[in-house]
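Below is one structure, written out as structure tokens, with a few remarks after it.
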Amino acid sequence: MAKFFRAAVLGPPGSGKGTICKRIAHSFGLQYLSSGHFLREGIAANTEAGVLAKTYIERGMLVPDQVMTRLMLPKLEQLRNHSWLLDGFPRTLAQAQTLNDLYQMDLVISLNIPYATLSERLSDRWIHPASGRVYNMGFNPPRVQGKDDVTGEPLIQHDDDKPEALVARLRHYKELAKPVIDLYKSQGVLHSFSGTETDKIWPYINSLLSTKMHTQPSDAPPTQ
Ligand code: G5P
């Protein structure tokens, strides 16, 4: 059976996980799954998981592990014959262990970005709620201020990017990420990257992926 490539990007809120994952998916043809995107989709559709998740996200808290694994594992099961890349999952040791019981990870990227950079980026971030398209007023502003480039509809700020929620998100991240990082370090699959600019980190990640995927077939078109 073909060996499929299993990768994940870890990092605090605003570290550039989404931006990096989209570039990896586009360049290397991996299926890209973002836990935040699935949660927002559930919230927009008013699903049971979405309604529950909203109460946690609004308070800057993580959604409970069982809700997350129930959301993510069926999606991974659908992609069992594809190479994939996870953005934002796993976030806790319990999630990482559940994933570990089912899949062997080939590569886990951890992004280390200074707090001041994270805080500046997130307070500048606006999204188009229907599509999930993300803009940053400094890094990638929309063509018309406050409007989505494709539809012209208004952009909004996530509740969890507002200052009260942000401090709590960054504090939680540090505590919970350490055992996850340690787990992947012990498996020899962890690669960490530090910096304040995604464009400067990206060439290193691109070159790492090129090496790692040299023998891996690109088996699926990029999804986003
Ligand atoms: P999400 O959606 O996974 P977060 O909080 O982990 O959200 P977020 O905020 O989406 O992460 P990111 O993906 O790390 O950030 O970063 P990004 O979106 O690419 O970049 C952030 C901003 O900076 C963007 O505007 C981007 O354009 C800009 N940017 C990127 N690079 C640069 C640069 O070099 N320079 C500048 N100036 N700007 C740049 O999860 C949302 C919530 O869902 C729940 C949690 O409550 C979470 O808070 N959740 C989970 N809960 C439990 N378990 C899980 N597994 C969960 N997954 C999600």
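The values are calculated or read from the model by the stated rules, or taken from the named source; none is laboratory data. Worth saying up front: this structure is predicted, and the values here are computed from it rather than measured. Neighbour counts are summed over all protein chains in view; Cβ atoms, including those assigned to glycine, are modelled from backbone coordinates with ideal geometry. With ligands, DNA and RNA removed, areas are computed over all heavy atoms of the protein, side chains included. Shrake-Rupley method; radii C 1.70, N 1.55, O 1.52, S 1.80 Å.
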Hits in the range 187-202 - residues which are within 13 Å of the ligand (Cβ to nearest atom), open to solvent by less than 70 Å² (accessible area, probe 1.4 Å) and either without any contact (Cβ under 8 Å) to a residue 24 or more places away in the chain or within 14 Å of Cys21 (Cβ to Cβ) (or both): Phe193, Thr198, Ile201, Trp202
Residue list for the range 133-180, restricted to those being under 21 Å from Ser34 (Cα atoms), open to solvent by less than 30 Å² (accessible area, probe 1.4 Å) and either touching a strand residue (DSSP E or B) at 6+ places or on another chain (Cβ under 7 Å) or in a loop (DSSP other than H, G, I, E, B) (or both): Tyr135, Asn136, Asp148, Leu155, His158, Asp161, Ala177, Val180
Mind listing just one residue for me: the one in the range 11-31 that is hydrophobic (A, V, I, L, M, F, W, C) and open to solvent by less than 10 Å² (accessible area, probe 1.4 Å) and, of those, nearest to Tyr103 (Cα to Cα)? Leu30
Count - residues of the range 93-119 that are in contact with a helix residue (DSSP H, G or I) (Cβ under 6 Å, 6 or more places away or on another chain) and open to solvent by 10 Å² or more (accessible area, probe 1.4 Å): 3
Taking the residues in the range 27-45 that are out of contact with any strand residue (DSSP E or B) (no Cβ under 9 Å at 6 or more places or on another chain) and more than 12 Å from the ligand (Cβ to nearest atom) as candidates, determine which candidate is nearest to Leu62 (Cα to Cα). Ala44
Considering only the range 47-56, I want to know if a residue exists there that is near the ligand (Cβ under 7 Å from one of its atoms), closer than 26 Å to Val167 by Cα and under 15 Å from the mean Cα position of the chain (by Cα). no
Can Gln66 be described as within 16 Å of Arg6 (Cβ to Cβ) and either touching a strand residue (DSSP E or B) at 6+ places or on another chain (Cβ under 7 Å) or within 12 Å of the ligand (Cβ to nearest atom) (or both)? no
Yes/no for Val9 being out of contact with any His (no Cβ under 9 Å at 6 or more places or on another chain) and within 10 Å of the ligand (Cβ to nearest atom): yes
Any idea which of Leu122, Leu76 is open to solvent by less than 10 Å² (accessible area, probe 1.4 Å), under 25 Å from Arg23 (Cα atoms) and touching a Leu at 6+ places or on another chain (Cβ under 7 Å)? Leu122
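To keep it simple, each residue is scored yes or no on (1) touching an Asp or Glu at 6+ places or on another chain (Cβ under 9 Å); (2) more than 28 Å from Lys54 (Cβ to Cβ); (3) among the charged types (D, E, K, R); (4) within 8 Å of the ligand (Cβ to nearest atom).
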residue: Met105; (1), (2), (3), (4): no, yes, no, no
residue: Tyr115; (1), (2), (3), (4): no, no, no, no
residue: Glu120; (1), (2), (3), (4): no, no, yes, yes
residue: Ile156; (1), (2), (3), (4): no, no, no, no
residue: Leu166; (1), (2), (3), (4): yes, no, no, no
residue: Tyr184; (1), (2), (3), (4): no, yes, no, no
